[in-house]
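Every number here is computed from the coordinates shown, using simple stated rules; none is lab data. Treat the numbers as computed from the prediction; the structure is a model and nothing was measured. Neighbour counts are summed over all protein chains in view; Cβ atoms, including those assigned to glycine, are modelled from backbone coordinates with ideal geometry.
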Amino acid sequence: MDHSQTEQSYGAWRSPITATLAVSGLVNISELRDSEFGLLWIEQRPFENGRSVLVLETRGARRDLTPTPYSVRSRVHEYGGGAYCVAGDGVFFVNAIDQNIYRCSLLDGFTAITQLTAGTENVRYADVTWDTGRENIIGVRETHDAGSEPVNQLVAIDCRTGVVDVVHSGHDFYSSPRLSSDAERLAFLVWDHPNMPWDGNQLFVATLDTTGRIVTETLVAGGVAESVFQPEWLTPERLVFVSDANGYWNFYSYDSSGIYCLNEDAAEYGTAQWAFGIRTYIPISDRVLVANRIDKGVAALVFVDVDNGMVTPLEDRFSSYASLNRTATGIAFVAGKPDDLNAVVRMDLTTTEITRVASQGTLDIDRDYFSFPEQLVYENADGLETFANFYPPRHPLAVGHVTQKPPLLVISHGGPTGHAGRDLNFRIQYYTSRGWAVVDVDYGGSTGYGRAYRQRLDGRWGIVDVADCVAAVTHLISSDRVDPSRVAIRGGSAGGYTTLRALVTSPIFKVGASHYGIGDLKALARDTHKFESRYLDKLIGDALDERSPLHEVERFNCPVAFFQGTEDRVVPPDQAETMVGALRDKGIAVMYMKFEGEGHGFRKGSNIEKVIEAEYAFFARVFTFEPADDLSQAFDGADLMNFS
């Protein structure tokens with residue numbers, strides 16, 4: 001023990017990492033793009049009610065391109081992405097409110113915004129890219145008609161007239177339209193029900209006429225058991241893409257000589273395509289790529305020589321590398337670290353010097369409060385190697401009593417085809433700085449470990465993920481690192497389902513929190529949006545009722561908190577409300593907090609702050625300790641049932 005530290009009971013240490021700090025002033029940065037006018041990116045701002053603002057940085061100066069009430073966000077697939085593209089001296093973007101496409105100028109002094117398309121919010125666009133020669137935008141259109149499934153198509157929009165022409169149709173889903181530099185060929189991805197893009201999709205290359213219409217098309221790669229990701233043209237004749245045909249998302253080349261794998265590597269160079277426009281690599285010449293390489297969940301930047309397949313280390317100072325872009329002197333990306341805020345950075349590829357361009361906000365916390373992730377490698381119930389990130393309690397002025405062990409919060413990530421990140425996460429640090437241990441589990445089904453790891457969950461969702469969370473807890477208990485009598489579990493969306501299933505199948509958990517989670521799988525399959533409407537076919541099969549927590553209410557024996565947005569189209573509110581009613585009727589202690597206007601994942605800072613405090617206060621109440629924080633208002637607006 002450091003002499004400056006005092007012994008205190010675990011779980012209720014006083015911490016400067018407050019819920020207010022976790023959201024106040026911090027933005028979410030995404031969709032970084034380069035242009036001749038400077039770097040652009042989207043900032044989602046909780047303090048502006050979740051508005052997404054397009055920002056331009058030029059020679060150190062920043063300005064917002066989209067004033068109120070504009071918000072740059074696509075709702076295709078509900079998760080969106082690819083919400084803008086650079087077009088000469090302007091930008092075309094999708095406006096969140098009406099889903100129409102607008103144009104704003106990149107020139108100094110020009111602030112007028114003009115509308116291009118004139119549809120209703122039932123016609124949505126995403127993954128937009130600029131066709132310079134034809135002055136068209138090529139992108140994905142999703143059309144919603146009452147009483148039928150939405151229709152997805154690849155379209156071209158004339159930027160002079162706003163006229164929309166269909167380029168390709170007939171598949172359930174489209175993504176990643178990429179024009180060759182001579183604009184004569186178009187690469188794009190398609191997939192059909194019941195596949196998700198990480199299960200199986202197809203890569204097509206089409207030749208175009210002078211008007212942009214398809215003359216011929218060639219199926220290049222993919223199928224029902226091969227996932228293709230991020231096609232990019234190196235030259236007008238040569239295309240590179242990522243495929244998991246060999247069991248890992250590796251690089252492949254396609255040209256007149258055929259298709260071949262560039263780098264047989266037991267590591268991942270792609271990721272699950274939950275949103276449009278994700279970039280995990282960028283060509284920096286017609287021979288060399290800079291790529292984000294994930295080795296057993298840990299990221300690093302590498303060079304990949306596409307001619308000889310050689311992979312050379314470049315950068316490993318960060319925990320994540322998102323939105324990779326080419327710049328005049330190197331690359332730019334959104335960088336994450338375990339002890340610092342995410343930031344937009346430029347890297348000079350000659351010197352590897354890093355220049356910080358922008359950040360999520362200002363960090364005024366001593367880094368001694370931050371707990372660093374330790375990767376746990378342990379065997380699950382099937383004897384298979386499984387991974388998790390463990391965060392021990394950490395505080396520069398406090399240490400737990402030598403006779404005690406800390407309470408444990410288990411996090412089950414969403415997706416379930418997601419992964420446990422290693423970037424600074426204030427929702428985690430909020431707990432660790434108060435004397436909790438946290439374990440963020442990359443259960444079977446997670447990305448970053450190859451196709452076989454993802455497929456562990458096929459047909460066994462609600463079984464494998466839960467067992468892997470239980471195995472992580474058991475591993476930590478056997479290592480004498482946590483208190484077995486104070487184990488909580490929390491998850492959002494699919495992670496909320498894992499949380500609820502964990503509570504009904506294992507007595508190791510004493511309390512849980514479901515954030516917009518799933519209680520009734522049959523209702524989810526009936527009510528959810530098109531993108532995920534057949535997701536359960538592979539994950540669950542015919543076991544919808546038997547694996548729904550709603551039908552296992554009699555097995556709940558501990559308190560549960562529910563947090564839900566009223567405008568959630570992915571997991572509708574009746575999922576939470578049906579579960580709350582069933583547990584209330586059984587006599588289980590329940591808390592329910594509903595947030596008006598919120599969708600799938602909360603965007604408003606005040607709501608996020610309230611969720612953080614209410615969850616912690618709920619756990620503290622169950623574990624009967626008194627928080628050091630003033631949480632007297634934490635339950636305001638909540639329905640508390642069956643609490644004495």
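Quick notes
- Between helix 464-478 and the chain there is an angle of about 50 degrees, using the helix long axis and the longest principal axis of the Cα atoms.
- Listed residue pairs exceeding 29 Å between alpha carbons, taken from Lys530/Lys604; Lys530/Lys610; Lys510/Lys610; Lys510/Lys594; Lys337/Lys610; Lys538/Lys610: Lys530/Lys610; Lys538/Lys610
- Of Asp158, Asp480, the sequence from fewest to most neighbouring Cβ atoms within 10 angstrom is Asp480, Asp158.
- Inter-site label distance for Arg526 and Glu546 at 7 Å from Cα along Cβ, in nm: 2.1 nm
- Mean residue ellipticity (222 nm) of the chain, computed from DSSP H runs ≥ 4 via -39,500 (n - 2.57), nearest 500: -4000 deg cm²/dmol
- Cross-link reach list, aspartates and glutamates versus Lys296, counting only Cα pairs under 14 Å and skipping chain neighbours closer than eight places: Asp265, Glu268, Glu374, Glu385, Asp442
- Degrees between helix 574-586 axis and first principal axis of the chain (Cα, 0 to 90, nearest 10): 10 degrees
- Rounded to the nearest 10 degrees, the angle from helix 605-622 to the longest Cα principal axis of the chain is 30 degrees.
- Rounded to 5, the percent of DSSP beta bridges in region 467-623 classed as antiparallel: 5 percent
- With the simple spin-label model, which puts each label point 7 Å out from Cα in the Cβ direction, the Arg367 to Thr211 separation comes to 6.0 nm.
- Lys, Arg +1 and Asp, Glu -1 on Cβ, resulting dipole of the chain about Cα centre, debye, nearest 20: 800 debye
- Remark: Ser253, Ser493, Ser15 ranked as Ser253, Ser15, Ser493, counting other beta-carbon atoms within 10 Å and listing the fewest first.
- Ascending count of other beta-carbon atoms within 10 Å, so fewest first, for Glu615, Glu626: Glu626, Glu615
- A crude spin-label estimate for the pair Cys261 and Asp348, with each label 7 Å from Cα along the Cβ direction, gives 3.8 nm.
- Between the amide H of Ala87 and those of Phe92, distances stay under 5 Å, these residues lying 5 or more places away or on another chain, with hydrogens modeled in the peptide plane.
- Cα shape, region 300-399, gyration tensor, a/c 1.5 rule: oblate
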